[in-house]
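The values are calculated or read from the model by the stated rules, or taken from the named source; none is laboratory data. Quantities reported herein were computed from a predicted structural model and do not represent experimental measurements. Cβ sites come from the backbone with ideal geometry, for glycine too, and all protein chains shown count toward neighbours. What goes into the accessible areas is simple: the full protein's heavy atoms, side chains included, and nothing from ligands, DNA or RNA. Shrake-Rupley method; radii C 1.70, N 1.55, O 1.52, S 1.80 Å.
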Amino acid sequence: IINGGNLNLATSAVINWDRWPSDLGINEDRVLQKDLTIGGTLYLNGGTLDLKGKNLIVLGDLIQAEGMLYINGGQLNISGDYRLQRESIVEGSKKYNYSSGQLRMINVADYVLVGGSFVTQSSYSHSGYLTAGILEVKGDFEQKYYGYNFYATGTHKTILSGPGLQRVTFEKTE
(Lines give C-alpha, C1' and ligand atoms only; values in the text may rest on other atoms or scores of the structure.)
Protein backbone atom coordinates (compact mmCIF):
# COMPACT_ATOMS: atom_id res chain seq x y z
CA ILE A 1 0.00 0.00 0.00
CA ILE A 2 1.48 3.31 -1.08
CA ASN A 3 0.47 6.70 0.40
CA GLY A 4 -1.92 5.11 2.95
CA GLY A 5 -5.26 4.77 1.20
CA ASN A 6 -8.39 3.05 2.42
CA LEU A 7 -8.05 -0.63 3.31
CA ASN A 8 -10.35 -3.62 3.69
CA LEU A 9 -8.68 -6.51 5.50
CA ALA A 10 -8.59 -9.93 3.86
CA THR A 11 -9.41 -13.14 5.71
CA SER A 12 -5.87 -13.91 6.86
CA ALA A 13 -4.84 -10.32 7.70
CA VAL A 14 -3.70 -9.56 11.26
CA ILE A 15 -4.07 -6.15 12.91
CA ASN A 16 -0.55 -5.83 14.29
CA TRP A 17 0.28 -2.18 13.78
CA ASP A 18 -0.38 0.85 15.99
CA ARG A 19 -1.59 3.41 13.43
CA TRP A 20 -3.53 3.42 10.15
CA PRO A 21 -3.78 6.87 8.48
CA SER A 22 -7.04 6.44 6.52
CA ASP A 23 -10.38 4.61 6.53
CA LEU A 24 -10.33 0.94 7.52
CA GLY A 25 -12.89 -1.76 6.72
CA ILE A 26 -13.15 -4.98 8.74
CA ASN A 27 -15.19 -7.88 7.33
CA GLU A 28 -14.04 -10.89 9.39
CA ASP A 29 -13.13 -11.75 13.01
CA ARG A 30 -10.21 -9.70 14.31
CA VAL A 31 -8.52 -9.32 17.72
CA LEU A 32 -6.42 -6.22 18.45
CA GLN A 33 -2.81 -7.19 19.16
CA LYS A 34 -1.85 -3.71 20.42
CA ASP A 35 -3.36 -0.24 20.81
CA LEU A 36 -4.48 1.14 17.44
CA THR A 37 -5.29 4.60 16.07
CA ILE A 38 -7.29 4.85 12.83
CA GLY A 39 -6.93 8.20 11.06
CA GLY A 40 -10.28 8.00 9.25
CA THR A 41 -13.57 6.13 9.51
CA LEU A 42 -13.78 2.53 10.74
CA TYR A 43 -16.28 0.37 8.83
CA LEU A 44 -17.22 -2.81 10.71
CA ASN A 45 -18.90 -4.91 8.01
CA GLY A 46 -18.86 -8.36 9.58
CA GLY A 47 -17.20 -10.68 12.05
CA THR A 48 -16.22 -9.78 15.60
CA LEU A 49 -13.75 -7.02 16.42
CA ASP A 50 -12.39 -7.87 19.89
CA LEU A 51 -10.47 -5.08 21.64
CA LYS A 52 -9.15 -7.62 24.20
CA GLY A 53 -8.07 -5.00 26.75
CA LYS A 54 -6.51 -2.70 24.14
CA ASN A 55 -7.27 0.93 23.21
CA LEU A 56 -8.80 1.75 19.85
CA ILE A 57 -8.93 5.39 18.72
CA VAL A 58 -10.99 6.27 15.65
CA LEU A 59 -10.38 9.83 14.44
CA GLY A 60 -13.40 9.70 12.12
CA ASP A 61 -16.72 7.88 12.51
CA LEU A 62 -17.44 4.26 13.32
CA ILE A 63 -20.02 2.75 10.96
CA GLN A 64 -21.12 -0.73 12.06
CA ALA A 65 -23.21 -2.35 9.32
CA GLU A 66 -22.76 -5.90 10.64
CA GLY A 67 -20.75 -7.92 13.12
CA MET A 68 -19.98 -7.51 16.78
CA LEU A 69 -17.82 -4.91 18.48
CA TYR A 70 -16.62 -6.61 21.68
CA ILE A 71 -15.00 -4.07 24.02
CA ASN A 72 -13.68 -6.88 26.27
CA GLY A 73 -11.95 -4.76 28.93
CA GLY A 74 -10.64 -2.26 26.39
CA GLN A 75 -11.35 1.36 25.56
CA LEU A 76 -12.79 2.80 22.38
CA ASN A 77 -12.54 6.52 21.62
CA ILE A 78 -14.42 7.76 18.54
CA SER A 79 -13.93 11.40 17.55
CA GLY A 80 -17.02 11.42 15.33
CA ASP A 81 -20.30 9.49 15.32
CA TYR A 82 -20.87 5.85 16.22
CA ARG A 83 -23.60 4.45 13.97
CA LEU A 84 -24.96 0.94 14.27
CA GLN A 85 -26.31 1.47 10.76
CA ARG A 86 -25.48 0.71 7.13
CA GLU A 87 -24.08 3.58 5.10
CA SER A 88 -24.83 4.05 1.42
CA ILE A 89 -24.35 6.85 -1.08
CA VAL A 90 -27.54 7.88 -2.87
CA GLU A 91 -27.29 10.62 -5.49
CA GLY A 92 -24.06 11.87 -3.93
CA SER A 93 -25.37 12.00 -0.34
CA LYS A 94 -24.73 9.63 2.57
CA LYS A 95 -27.83 7.73 3.69
CA TYR A 96 -28.19 5.37 6.66
CA ASN A 97 -30.54 2.47 7.37
CA TYR A 98 -30.76 -0.70 9.49
CA SER A 99 -27.76 -2.65 10.71
CA SER A 100 -27.23 -6.18 11.94
CA GLY A 101 -24.41 -5.09 14.25
CA GLN A 102 -24.04 -5.54 17.99
CA LEU A 103 -22.08 -3.71 20.68
CA ARG A 104 -20.97 -5.96 23.53
CA MET A 105 -20.01 -4.36 26.86
CA ILE A 106 -20.04 -6.93 29.66
CA ASN A 107 -16.84 -6.06 31.57
CA VAL A 108 -16.71 -3.35 34.25
CA ALA A 109 -13.55 -1.97 32.56
CA ASP A 110 -15.29 -1.53 29.18
CA TYR A 111 -15.34 2.13 28.10
CA VAL A 112 -16.62 3.74 24.92
CA LEU A 113 -16.38 7.50 24.30
CA VAL A 114 -18.32 8.90 21.35
CA GLY A 115 -17.29 12.47 20.49
CA GLY A 116 -20.26 12.88 18.15
CA SER A 117 -23.68 11.23 18.11
CA PHE A 118 -24.59 7.64 18.95
CA VAL A 119 -27.22 6.10 16.65
CA THR A 120 -28.47 2.54 16.85
CA GLN A 121 -30.71 1.05 14.20
CA SER A 122 -29.58 -2.53 14.73
CA SER A 123 -32.07 -5.26 13.95
CA TYR A 124 -30.58 -7.39 16.77
CA SER A 125 -31.58 -7.31 20.42
CA HIS A 126 -28.90 -6.12 22.81
CA SER A 127 -30.42 -8.00 25.76
CA GLY A 128 -27.43 -9.35 27.71
CA TYR A 129 -24.92 -7.33 25.64
CA LEU A 130 -24.84 -4.05 27.58
CA THR A 131 -24.46 -5.25 31.18
CA ALA A 132 -21.36 -3.38 32.42
CA GLY A 133 -18.93 -0.59 31.55
CA ILE A 134 -19.54 2.98 30.45
CA LEU A 135 -20.82 4.41 27.18
CA GLU A 136 -20.16 8.17 27.16
CA VAL A 137 -21.76 10.26 24.42
CA LYS A 138 -20.92 13.92 23.67
CA GLY A 139 -23.53 14.37 20.90
CA ASP A 140 -27.10 13.21 20.44
CA PHE A 141 -28.38 9.74 21.35
CA GLU A 142 -30.79 8.11 18.92
CA GLN A 143 -32.45 4.69 19.04
CA LYS A 144 -34.27 3.87 15.81
CA TYR A 145 -36.92 1.43 14.70
CA TYR A 146 -36.14 -1.93 16.33
CA GLY A 147 -37.11 -2.68 19.94
CA TYR A 148 -34.39 -3.86 22.34
CA ASN A 149 -31.51 -2.66 20.12
CA PHE A 150 -30.41 -0.56 23.08
CA TYR A 151 -31.07 -2.62 26.19
CA ALA A 152 -28.73 -1.71 29.06
CA THR A 153 -28.90 -3.64 32.35
CA GLY A 154 -26.71 -4.51 35.33
CA THR A 155 -23.99 -1.99 36.14
CA HIS A 156 -23.81 -0.53 32.61
CA LYS A 157 -23.92 3.29 32.53
CA THR A 158 -24.67 5.59 29.63
CA ILE A 159 -23.41 9.12 30.29
CA LEU A 160 -24.48 12.11 28.21
CA SER A 161 -21.64 14.60 28.72
CA GLY A 162 -21.79 17.03 25.80
CA PRO A 163 -21.04 20.71 26.33
CA GLY A 164 -24.50 21.79 25.15
CA LEU A 165 -28.03 20.51 24.76
CA GLN A 166 -28.16 16.83 23.74
CA ARG A 167 -31.18 15.27 22.05
CA VAL A 168 -32.26 11.79 23.19
CA THR A 169 -34.71 9.90 20.94
CA PHE A 170 -36.19 6.41 21.37
CA GLU A 171 -38.46 5.32 18.53
CA LYS A 172 -39.18 2.02 20.34
CA THR A 173 -39.06 1.93 24.12
CA GLU A 174 -39.70 -1.78 24.61
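Side notes on the structure shown:
- Hey, LYS172 without any contact (Cβ under 8 Å) to a residue 60 or more places away in the chain, of a type in the set (Lys, Arg) and either touching an Asp or Glu at 6+ places or on another chain (Cβ under 6 Å) or within 19 Å of TYR70 (Cβ to Cβ) (or both) or not: no
- Checked against the criterion of being aromatic (Phe, Trp, Tyr) and either at positive phi or open to solvent by 40 Å² or more (accessible area, probe 1.4 Å) (or both), the stretch 63-73 has at least one qualifying residue.
- Pairs where the first residue, in the stretch 141-162, is closer than 18 Å to SER99 by Cβ and the second is hydroxyl-bearing (Ser, Thr, Tyr) and open to solvent by 70 Å² or more (accessible area, probe 1.4 Å), C-beta under 7 Å, 6+ apart: TYR145/TYR98; ASN149/TYR124
- Top-ranked residue in the stretch 1-25 [being in a strand (DSSP E or B) and either within 14 Å of GLY60 (Cβ to Cβ) or of a type in the set (Lys, Arg) (or both); ranked as modelled with the lowest pLDDT]: LEU7
- The condition (being of a type in the set (A, V, I, L, M), open to solvent by 10 Å² or more (accessible area, probe 1.4 Å) and more than 25 Å from GLY53 (Cα to Cα)) is satisfied by just one residue among ILE134, ILE89: ILE89.
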